[in-house]
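See below for the structure under consideration.
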Amino acid sequence: MSSINSHLQAQQEKLKDMLSERRYQHSVAVMETAVLLAQRYRADVEKTALAALLHDCGRSIPLEDVVSSAIDFDIQPDEIERQHPILLHAKVGAVLAQLEFGVTDEEVIHAIQRHTVGGANLSKIAKILYLADMIEPGRDYEGVASLRQLAAQHLDSALLAAYEKSIGFVLNRRMLLHPDTVAGRNELVVKLGAGSPCRGEFA
């Protein structure tokens with residue numbers, strides 16, 4: 001990315017030493033995608049780039065150690081995170097971003113923390129990061145092309161579609177669905193007027 005500043009370059013070099021080559025390349029691709037979205041939606045490009053670059057720094061901790069690392073960082077995993085500890089890499093990564101990379105900006109920390117499950121009341125940068133993580137060029141799944149097109153047109157509509165894609169993925173595999181994802185999805189349905197309360201077939 002030609003506009004990357006020297007501070008971000010230094011962070012990028014440090015991150016490269018922490019992650020596998022595959023995970024590092026994904027992080028760079030997410031950063032580049034997020035910057036394009038930040039420019040499109042008039043978000044702070046530098047903050048967005050930093051959040052996106054570091055979003056997976058928590059993946060430097062082995063999966064079998066991530067719960068204990070979270071507890072060491074005074075993060076109390078909920079039951080779903082204990083069942084699916086990979087979700088914790090976002091919260092752990094938000095702490096590592098502060099401790100290892102010197103990040104102090106609350107909006108950057110918030111975006112990193114929320115990038116796995118999303119949630120209600122996300123900042124614009126957090127929305128962009130969630131989307132960029134799902135649509136970076138290395139992603140290849142059914143529907144990603146449509147999601148990329150929507151991301152270029154309307155941020156909240158694309159985020160709603162991304163939530164519903166994630167929810168469908170989780171439900172199809174009979175995994176536990178995090179309530180924060182549901183809360184984020186429902187918030188956007190109300191905001192966009194995209195639906196009405198479902199009373200259920202037998203209500």
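Under the condition of being hydrophobic (A, V, I, L, M, F, W, C) and within 27 Å of E13 (Cα to Cα), which residue from region 68-94 is nearest to the chain's Cα centre (by Cα)?
Selected residue: A90.
Do you know which residues across region 25-52 are β-branched (V, I, T) and over 13 Å from Q12 (Cα atoms)?
Selection gives T33, V35, V45, T48.
Of all residues in region 95-117 being hydrophobic (A, V, I, L, M, F, W, C) and more than 13 Å from the chain's Cα centre (by Cα), which is surrounded by the fewest Cβ atoms within 10 Å (Cβ to Cβ)?
Once the filter is applied, the top-ranked residue is L99.
Condition check: in contact with a Pro (Cβ under 7 Å, 6 or more places away or on another chain) and of a type outside the set (S, T, N, Q). Does V117 satisfy that?
no
Hey, can you tell me all the residues within region 29-53 that are of a type in the set (D, E, K, R) and either closer than 20 Å to G93 by Cα or in a helix (DSSP H, G or I) (or both)?
E32, R40, E46, K47, listed by residue number.
Say whether the condition of being more than 18 Å from G138 (Cβ to Cβ) and among the charged types (D, E, K, R) is met by at least one residue in region 28-42.
yes
Which residues, taken from region 129-183, are among the aromatic types (F, W, Y) and either surrounded by fewer than 16 Cβ atoms within 10 Å (Cβ to Cβ) or on the phi > 0 side of the Ramachandran plot (or both)?
Result: Y141, F169.
Being over 23 Å from P62 (Cα atoms), surrounded by 15 or more Cβ atoms within 10 Å (Cβ to Cβ) and of a type outside the set (A, V, I, L, M) is the filter here, so list the residues in region 4-40 that pass it.
E32, T33 - these are the residues of region 4-40 that are over 23 Å from P62 (Cα atoms), surrounded by 15 or more Cβ atoms within 10 Å (Cβ to Cβ) and of a type outside the set (A, V, I, L, M).
Considering D17, D56, D65, D74, which residue is at pLDDT 95 or above and on the phi > 0 side of the Ramachandran plot?
Just one listed residue meets the conditions, D74.
Looking only at region 35-58, decide whether some residue is aliphatic (A, V, I, L, M) and touching a His at 6+ places or on another chain (Cβ under 6 Å).
no
The values are calculated or read from the model by the stated rules, or taken from the named source; none is laboratory data. Since the model is a prediction, treat every value here as computed from it, not as a measurement. Note that we place each Cβ from the backbone using ideal geometry, even for glycine, and neighbour counts take in every protein chain shown.
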